[in-house]
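Here the structure is laid out as structure tokens; the discussion comes afterwards.
The values are calculated or read from the model by the stated rules, or taken from the named source; none is laboratory data. Here the structure is a predicted model, which is why all the values come from computation and not from measurement. A quick note on method: Cβ atoms are made from the backbone with ideal geometry, for glycine too, and the neighbour counts reach across all protein chains shown. Side chains are part of the model used for accessible areas, which takes the heavy atoms of the whole protein and leaves out ligands, DNA and RNA. Shrake-Rupley method; radii C 1.70, N 1.55, O 1.52, S 1.80 Å.
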Amino acid sequence: MPVHNEDIATVFDEVADLLEIEGDNPFRIRAYRNGARTLRGLGQDVHTLIERGEDITRLSGIGKNLAAKIHEILDTKHCRTLDKLRKELPADLTELLKLPGMGPKRVQALYHELDIHSPEQLERAARDGLVRHLPGFGAKTEARILDAIQAHADTSRRFKLVVAGRYAGPLVEYLEAIEGVNQVELAGSYRRARETVGDLDAVSYTHLTLPTNTNACRSRWSPYH
């Protein structure tokens with residue numbers, strides 16, 4: 001799968017979030033956030049600019065350090081800085097950041113003060129009335145957290161249509177390149193252009209030499225698989 005601007009921006013956002021949870025230098029954190037914002041605002045994928053030989057350090061918010069990381073992500077589909085941060089912090093800590101109203105500063109407080117690093121732990125602590133006693137929280141915030149956890153459980157496995165669209169084309173190309181596959185059509189919620197998509201359903205048509213001429217096979221792709 002090709003790496004898009006959104007993919008790199010997401011990496012930069014996560015790096016910034018984890019650095020903030022660790023209490024790192026605010027200027028360093030801001031640099032990653034600015035880089036992510038720049039990538040999302042580009043009218044074309046950054047890999048296209050690089051292929052044309054353009055110097056991406058001329059882009060606003062993209063210095064030599066971030067440019068090197070963009071090249072690294074494009075070349076390896078990994079970011080060593082992010083990998084390092086993930087090893088230093090609990091693996092499920094980023095799940096807290098996905099909850100509405102739960103920014104890095106609040107996650108930092110929950111993690112350092114109550115050793116909370118998962119939605120399940122947060123839910124238990126909120127139901128036990130422990131969260132309200134943290135500075136900047138309170139009883140109303142505690143109640144909103146419980147509502148947010150429930151809402152997140154209902155929607156966390158779905159993506160906006162525009163995000164799924166970036167992977168739909170490459171998925172079809174990959175399936176059509178398989179020997180014996182003659183045609184691939186996307187189905188499900190993506191084909192119906194729903195606002196959010198849980199996964200990409202694809203129907204592939206193949207020709208077999210045995211009794212029947214054409215057979216259909218249904219495939220499903222999800223970033224969680």
Legend entry - Filtered residue count, segment 129-168, keeping only those that are modelled with pLDDT under 75, of a type in the set (Lys, Arg) and out of contact with any Gly (no Cβ under 7 Å at 6 or more places or on another chain): 2
Inset, instruction - Determine, yes or no, whether Leu59 is free of Cβ contacts under 8 Å to residues at least 40 places away in the same chain and surrounded by 18 or more Cβ atoms within 10 Å (Cβ to Cβ). - result: yes
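Working only within segment 1-25, note down all residues that are among the aliphatic types (A, V, I, L, M), open to solvent by less than 40 Å² (accessible area, probe 1.4 Å) and over 10 Å from the mean Cα position of the chain (by Cα). Break it down into steps so the answer makes sense when it comes.
Initial filter on segment 1-25 (among the aliphatic types (A, V, I, L, M)): 1, 3, 8-9, 11, 15-16, 18-19, 21.
Now narrow it down to the ones that are open to solvent by less than 40 Å² (accessible area, probe 1.4 Å): 3, 8-9, 11, 15-16, 18-19, 21.
Scanning segment 1-25 gives Val3, Val15, Ala16, Leu18, Leu19, Ile21.
For every residue, the table says whether it meets (1) acidic (Asp, Glu); (2) in contact (Cβ under 8 Å) with a residue 24 or more places away in the chain; (3) more than 24 Å from Ala168 (Cα to Cα).
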site	(1), (2), (3)
Glu6	yes, yes, no
Phe12	no, yes, no
Glu20	yes, yes, yes
Leu39	no, yes, no
Lys77	no, yes, no
Legend entry - Matching residues in segment 65-108 - criterion: being surrounded by 13 or more Cβ atoms within 10 Å (Cβ to Cβ) and basic (Lys, Arg): Lys69, Arg86, Arg106
Inset, instruction - Return a yes/no flag: does segment 169-179 have any residue that is at pLDDT 70 or above, under 20 Å from Asn5 (Cα atoms) and surrounded by 14 or more Cβ atoms within 10 Å (Cβ to Cβ). - result: yes
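If you check Asp147, Asp115, which single one turns out to be on the phi > 0 side of the Ramachandran plot and open to solvent by 90 Å² or more (accessible area, probe 1.4 Å)?
Values: Asp147 fails: on the phi > 0 side of the Ramachandran plot.
None of the others qualify; the one that does is Asp115.
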Inset, instruction - Mind listing whichever residues of segment 81-101 are in contact with a helix residue (DSSP H, G or I) (Cβ under 7 Å, 6 or more places away or on another chain) and more than 17 Å from Gly23 (Cβ to Cβ)? - result: Leu82, Glu95, Lys98, Leu99, Pro100, Gly101
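Of all residues in segment 88-116, count the ones that are of a type in the set (A, V, I, L, M) and assigned to a loop (DSSP other than H, G, I, E, B). Give the derivation first.
Taking segment 88-116 as the starting set, the residues that turn out to be of a type in the set (A, V, I, L, M) are 89, 91, 93, 96-97, 99, 102, 107, 109-110, 114, 116.
Now restrict to residues that are assigned to a loop (DSSP other than H, G, I, E, B): 89, 91, 99, 102, 116.
Total satisfying the criteria: 5.
State whether the residues of segment 40-47 include one that is open to solvent by less than 70 Å² (accessible area, probe 1.4 Å) and polar (S, T, N, Q). Outline the logic, then answer.
Of all residues in segment 40-47, those open to solvent by less than 70 Å² (accessible area, probe 1.4 Å) come to 41-42, 45-47.
Cutting the leftovers down to polar (S, T, N, Q) gives us none.
There is no residue in segment 40-47 that is open to solvent by less than 70 Å² (accessible area, probe 1.4 Å) and polar (S, T, N, Q).
Can you pull out the residues in segment 117-139 that are assigned to a helix (DSSP H, G or I) and either over 29 Å from the mean Cα position of the chain (by Cα) or touching a residue at least 24 places away in the same chain (Cβ under 8 Å) (or both)?
Filtering segment 117-139 for residues assigned to a helix (DSSP H, G or I) gives 119-127, 131-133, 139.
Listed by number, the residues that qualify are Pro119, Leu122, Glu123, Arg132, His133, Ala139.
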Inset, instruction - Taking Thr214 as meeting all but one of (1) under 17 Å from the mean Cα position of the chain (by Cα); (2) at pLDDT below 80; (3) open to solvent by 30 Å² or more (accessible area, probe 1.4 Å), write down the number of the exception. - result: (1)
